[in-house]
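Read the structure below first, then the notes.
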Amino acid sequence: MTRALLILVLIAFVIVIGLSFVGGESTDVRRDSVTPANQPGYFLTASTITDTGDDGKARVRIRAERIEQRPADNSVVLSTLHLTYSGAQVHDWVVTAEHGVVPEDSKVIRLSGNVQIRGAVGEGGPEAIIETPTLDFDTEQSIANTNDEVRVVMGTRALTARGLNADLKQHRVQLESRVHGQFNPPFSR
């Protein structure tokens, strides 16, 4: 009889534990802690997004280690990204950053974390390397701008400034304020 009672107690215990996972208060608490807004709408890893112009040619290519949509605000978050702008006549511009965010229904990518732009300033001009902590890039207008500190290096010349407005299509870079420069002669060997 004690063996039968022990088996009944074990069965009842299993049923109680099973019901706690299927229904009841603990299930509601678990569902509340993981809401759909906290989950990505979609995510891609090691992917490339290409935006084409009216002629069908690639204008902007964005390669990122991770691309994730956030349903809470429908923004898209990019990690470790490499953007190539090919809308210029002569040379491509390459923009790299640790992070990027595209707000819902926006053509502007808000870049942050070791942002770097590489490209020729002026047609046939030398390559410039532009470094800044943050940058907004308008993919439709091909305009990059920031109000943060900026460092521009072209060969042996370096400029620092606060703020930048760059028209990548026209190969024009405008430094906004507190511009300081250093021009070093090339070292001879």
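Residues that are hydroxyl-bearing (Ser, Thr, Tyr) and outside any strand (DSSP E or B) were ranked within the stretch 108-152; the one that is nearest to Val77 (Cα to Cα) is Thr139.
Scanning the stretch 79-107 for residues that are outside any strand (DSSP E or B) and farther than 21 Å from Thr45 by Cα returns Ser86, Gly87, Ala88, Gln89, Val90, His91, Asp92, Asp105, Ser106, Lys107. Taking first residues from the stretch 161-189 that are in the same structural domain as Gly119 (by TED's automatic domain parsing) and at pLDDT below 90 and partners that are aromatic (Phe, Trp, Tyr) and in a strand (DSSP E or B), the Cβ contacts under 6 Å between residues at least 6 apart in sequence or on separate chains come to Leu168/Tyr85; Leu168/Trp93. Does Val76 satisfy being more than 13 Å from the chain's Cα centre (by Cα), assigned to a strand (DSSP E or B) and modelled with pLDDT under 95? When the stated conditions are applied, Val76 does not pass them.
Among the residues of the stretch 41-56, the ones that are modelled with pLDDT of 85 or more and touching a strand residue (DSSP E or B) at 6+ places or on another chain (Cβ under 7 Å) come to 11 in all.
The values are calculated or read from the model by the stated rules, or taken from the named source; none is laboratory data. Bear in mind the structure is a predicted one, so any value in this text is a computation, not a measurement. Positions of Cβ are backbone-derived with ideal geometry, glycine not excepted, and every protein chain shown enters the neighbour counts.
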